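Enquirer: Questions regarding the structure given below will be posed in turn.
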Amino acid sequence: MRIAEIFYSIQGEGSLIGVPSVFVRISGCNLRCAWCDTPYTSWKPEGEERDLEFILDRVGGFKARHVVVTGGEPMIAPEIVALTRRLHEYGRHITIETAGTVYAPVVCDLMSISPKLANSTPGGRWAAQHERVRFQPDVLRRLTEHYEYQLKFVVTNPEDLNEIHAIIEQLDADRGKVILMPEGVDASVLRERGIWLAEIAKCEGFRYSPRLQVDLWGNRRGV
Ligand code: SF4
């Protein structure tokens, strides 16, 4: 599969924030979010073709028990099931970061699902396909039924909450597993959005997540 990068860092988002983890970033995505923070896996996918042995060897070179399989959209990678099985055999805790548009019978300890809201739809020639694919309630239902999960929503403005409420209701999702995260790849934008979003999280009883990797290192690759 095509690998954009493999690196060791701390998880910067969601319920496992702060946990030292190896990140396996698979290149290729079926969506084209307007604000994609990893365009080198979607708009202009980069990376080398690597076999499972190479990936497992690199992951094994780090001490971390936690592995985050991310993208792009890792669930469309042809060998994603085999990769997760092998990581599981090696005793790793596996988080998969997905937009929840495709189902595959992966082995996974935490399905970190980030359904893409209308705020993600780009202009231009990708608009129609993105809009058609971005929300797949049947896939989301399967993922939330089969796996331990979190629902991580990327929020650009307070009105996004209407859409989030509708999705939670449609999925009959556990509100305790809902995480709100501000959109942005700049620490000052995240702080400005974080202030009002934290208030919304308090009112709703949802969890708030910063983007710690941006706060600590800025919008860089490999962190
Ligand atoms: S789903 Fe993720 S990787 Fe794909 S375009 Fe959206 S933000 Fe980028």
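The values are calculated or read from the model by the stated rules, or taken from the named source; none is laboratory data. A quick note: this is a predicted structure, and the numbers were derived from the prediction, not measured. Positions of Cβ are generated from backbone atoms using ideal geometry, with glycine treated the same way; all protein chains shown enter the neighbour counts. The accessibility values were calculated without ligands, DNA or RNA, using every heavy atom of the protein model including side chains. Shrake-Rupley method; radii C 1.70, N 1.55, O 1.52, S 1.80 Å.
Enquirer: What number of residues within segment 165-202 satisfy the criterion of being touching a Leu at 6+ places or on another chain (Cβ under 7 Å) and more than 17 Å from SER15 (Cβ to Cβ)?
Expert: Residues that pass the stated criteria total 3.
Enquirer: Something else: Please enumerate the residues belonging to segment 156-211 that are outside any helix (DSSP H, G or I), of a type in the set (A, V, I, L, M) and open to solvent by less than 50 Å² (accessible area, probe 1.4 Å). Steps first, answer last, please.
Expert: Kept after step one, since they are outside any helix (DSSP H, G or I), are these residues of segment 156-211: 156-159, 172-174, 178-186, 205-211.
Still in the list and also of a type in the set (A, V, I, L, M): 173, 178-181, 185.
Listed by number, the residues that qualify are ALA173, VAL178, ILE179, LEU180, MET181.
Enquirer: Just to be sure before I move on: is ARG125 in a helix (DSSP H, G or I) and within 16 Å of the ligand (Cβ to nearest atom) in the structure I sent? Lay out the reasoning, then the answer.
Expert: Numbers: in a helix (DSSP H, G or I): yes; within 16 Å of the ligand (Cβ to nearest atom): yes.
Taking the combined requirement at face value, the residue satisfies it.
Enquirer: Right, another one. For segment 18-35, how many residues meet the condition of being within 7 Å of the ligand (Cβ to nearest atom) and either among the aliphatic types (A, V, I, L, M) or out of contact with any helix residue (DSSP H, G or I) (no Cβ under 8 Å at 6 or more places or on another chain) (or both)?
Expert: 1
Enquirer: Failed condition for VAL102, given (1) under 16 Å from the mean Cα position of the chain (by Cα); (2) closer than 25 Å to SER9 by Cβ; (3) open to solvent by 30 Å² or more (accessible area, probe 1.4 Å); (4) within 12 Å of the ligand (Cβ to nearest atom), with all others met?
Expert: All conditions are met except number (2).
Enquirer: Tell me which residues, restricted to segment 143-155, are open to solvent by 50 Å² or more (accessible area, probe 1.4 Å) and under 25 Å from GLU204 (Cα atoms). Step through it out loud before you land on a result.
Expert: Filtering segment 143-155 for residues open to solvent by 50 Å² or more (accessible area, probe 1.4 Å) gives 145-146, 148.
Within segment 143-155, GLU145, GLU148 meet the criteria.
Enquirer: So which residues in segment 55-81 are away from the ligand (no atom under 12 Å from the Cβ), outside any strand (DSSP E or B), surrounded by 14 or more Cβ atoms within 10 Å (Cβ to Cβ) and not basic (Lys, Arg), if there are any at all?
Expert: Residues satisfying the conditions are ILE55, LEU56, VAL59, PHE62, ALA64, ALA77, GLU79, ILE80, VAL81.
Enquirer: When the residues of segment 134-178 are narrowed to those that are under 19 Å from VAL102 (Cβ atoms) and among the β-branched types (Val, Ile, Thr), which ends up farthest from the chain's Cα centre (by Cα)? Can you show your working first?
Expert: Initially, segment 134-178 is screened for residues under 19 Å from VAL102 (Cβ atoms), giving 134-154, 167, 170-171, 173.
Subsequent filtering for residues that are among the β-branched types (Val, Ile, Thr) retains 139, 144, 154, 167.
Details: VAL139: 15, THR144: 15, VAL154: 10, ILE167: 17 Å.
Here the residue is ILE167.
Enquirer: What pairs can you find where one residue is in segment 106-131 and under 26 Å from PHE23 (Cα atoms) and free of Cβ contacts under 8 Å to residues at least 24 places away in the same chain, the other is more than 10 Å from the ligand (Cβ to nearest atom) and part of a loop (DSSP other than H, G, I, E, B), and their Cβ atoms are less than 6 Å apart, with a gap of 6+ or different chains?
Expert: none
Enquirer: Then there is this: Give the residue, chosen from GLU97, GLU49, GLU89, that is within 16 Å of the ligand (Cβ to nearest atom) and of a type in the set (Asp, Glu).
Expert: Values: GLU49 fails: within 16 Å of the ligand (Cβ to nearest atom); GLU89 fails: within 16 Å of the ligand (Cβ to nearest atom).
Matching residue, one of GLU97, GLU49, GLU89: GLU97.
Enquirer: Continuing with this model, one more query. What are the residues in segment 1-17 that are open to solvent by 30 Å² or more (accessible area, probe 1.4 Å) and either closer than 16 Å to VAL223 by Cβ or away from the ligand (no atom under 15 Å from the Cβ) (or both), if any? Write out each step before concluding.
Expert: We begin by selecting, within segment 1-17, every residue open to solvent by 30 Å² or more (accessible area, probe 1.4 Å); these are 2, 8, 10, 15-17.
Within segment 1-17, TYR8, ILE10, SER15, LEU16, ILE17 meet the criteria.
Enquirer: Just name the residue that is nearest to THR95 (Cα to Cα) out of those in segment 148-172 that are of a type in the set (A, V, I, L, M) and touching a strand residue (DSSP E or B) at 6+ places or on another chain (Cβ under 6 Å). Show your work before the answer.
Expert: Step one: list which residues in segment 148-172 are of a type in the set (A, V, I, L, M), which gives 151, 154-155, 161, 164, 166-168, 171.
Filter again for touching a strand residue (DSSP E or B) at 6+ places or on another chain (Cβ under 6 Å), leaving 151, 154-155, 164.
Values: LEU151: 13, VAL154: 18, VAL155: 22, ILE164: 22 Å.
If we take residues in segment 148-172 being of a type in the set (A, V, I, L, M) and touching a strand residue (DSSP E or B) at 6+ places or on another chain (Cβ under 6 Å), then LEU151 is nearest to THR95 (Cα to Cα).
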